[in-house]
Every structure is written in structure tokens, then in C-alpha cells.
1. Choose one of 32, 118, 193: the residue whose Cα lies farthest towards the positive end of the charge dipole of the chain (beta-carbon charges +1 Lys, Arg; -1 Asp, Glu; about the Cα centre).
2. Please report the net charge: other residues with Cβ closer than 14 Å to the Cβ of residue 56, K and R +1, D and E -1.
3. Separation between the residue 19 and residue 172 pseudo-spin-labels, each 7 Å from Cα along Cα→Cβ, expressed in nm?
4. May I ask you to derive the relative contact order of the stretch 162-229, considering only C-alpha pairs under 8 Å and at least 6 residues apart, and to give it as an integer percent?
5. Between 88, 15, 39, where does the largest GNM mean-square fluctuation fall for the chain, given springs only between Cα atoms within less than 10 Å?
6. Using Cα-Cα distances under 8 Å and only pairs 6 or more residues apart, what relative contact order does the chain have, in percent?
7. When the chain is modelled as a GNM with alpha-carbon springs shorter than 10 Å, which of 127, 217, 53 fluctuates the most?
8. Enter the Cα centre distance for the pair the stretch 44-101 and the stretch 187-229, rounded to the nearest angstrom.
Amino acid sequence: MSEPTENQRKLRVVVADDQAAVREPLAAVLALSEDIDVVAAAADGTEVLTAVAAGPVDVVLMDLRMPVMDGIETTRRLAEQYPQVAVVVLTTFADDESILGALGAGARGYLTKNAGRQDITRAIRAAAAGQSVLDREVQDRLLATARTTVARTTAAKTPVSGAALPEDLTPREREVLTLIGRGLPNRGIAEKLFISEATVKTHINNLFAKAGIPDRAAAVRRAIEAGLA
């Protein structure tokens, strides 16, 4: 296979995990991808910050439970100091506190360690392109949390803020938002609507801009609040 051209340069990735038995094989597997260059492997958050400072770095593949400085605090500092660096969480934990903590700190993707190599490389590429990728288990947790929150709000007869969608959303954009709310990834949406993934991305960008939606997790909540999912 040919090497990436200058316009298709390799993505510079830091792999962070406190367990060498996980960190080193993961770095080796990622290095097999012709468009990924593992520039550093870190055992804790301080080592991540040191690697990013030495840069340049495009994506950090981040474990959450690490000594010295954990993944959530490291993600928060990266978001503040190096906002151009995307973070994809790769962890065994899929509880609400971990998911919401990482996404709230600025993580662009969240995968569990059940993810395969293709899932991880796809998430790295998506994060580098400014997109959010969430593991299906994570999406299900977010959906469950959002539905519980909406149900409680409805039961209390408190209006749900932001539930109304812009009138200029097209029917197709509403369809896409509905499917995001049901937890489908871009590929699943494309197959469901018989359109290309590139077209799905265009619809997502348009509806996010129109509705003021910052990321996919917020889109899931917005779809539920609007009664679409």
C-alpha cells in the first residue's frame, strides 16, 4: 500500500494507559495503520501533557483510570491548553459518571475496551476531523440517562428548555436527527436512508449549525426532548 501523500499526512497519536501490557500492544497495533503515527506512549496524564507540549499531536487515545493525573483531568487540561488536540477515551468504564465526566471535560470520542482495531482507528480519524464517535454501549447509557431526565422533567410539569427545533430544518435533517437520537452511527444512518456517509455528514453539519447543537451527545438529548426518539 502506498504511503500517505503530503496532503494526506499521518495522524500523530499519543496512546495513554497506565498498564504497559495494554499500552504497548495497542501502540503497536495502531502503528500498523498507514495513516497513523504513534508519536508517544504515556503511563499517566503528566506524561500525556509532556508529549503534547513536545508536539505536534493530533489525537490522544486516553485511558481514564491513571495515577498521578487521571484521564478526565488530563482531558480538561488539554481542552484548555491545546484545544486543537482531540481526545478519544478508551476505557473499561461505561458508567454515567465516567462518560459524562469525560465528555464534559472535552473528550470528542468515548470507546470501551471491547472496541476492535477498526473501531479505534475509525474513532481516531473522526476525532481528528472534528467529529464525535461514541461506543454503542455509551450511546445506550446516554439515551437512558436523557430519557430518565426528560421523564422526570415531564412528571414535574416543568417545560423542557430547547425542545423546539428550528423551523428551517429540512425533513431529511429531521430524519437524520431522529436516527442520531436512536443511537445510530453515521454508517447506520446512511444505510437506513439509502444515502452516502458523506451526505449524512453534510446533513449533520447543517442541522447542528441550525439548531445550535455542539456535539453528538447533545444531539441525542435534543432529539429525545423534541420527541423524535
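1. So the residue we want is 193.
2. Working: positive: 9, 10, 12; negative: 37, 58.
Result for the local shell: +1.
3. Result for the modelled spin labels: 4.5 nm.
4. On the way: 65 pairs, mean separation 33.1, N = 68.
This gives 49 percent for the stretch 162-229.
5. For the chain, modelled as a Gaussian network with Cα springs under 10 Å, the answer is 39.
6. Details: 351 pairs, mean separation 31.6, N = 229.
The normalised contact order for the chain reaches 14 percent.
7. 53
8. Here the answer is 26 Å between Cα centres.
The values are calculated or read from the model by the stated rules, or taken from the named source; none is laboratory data. Just so you know, these numbers come straight off a predicted model, no measurement behind them. Using ideal geometry, Cβ is built from the backbone for each residue, glycine included, and neighbour counts are taken over all protein chains shown. Protein only, heavy atoms only, side chains kept; ligands, DNA and RNA dropped before computing areas. Shrake-Rupley method; radii C 1.70, N 1.55, O 1.52, S 1.80 Å.
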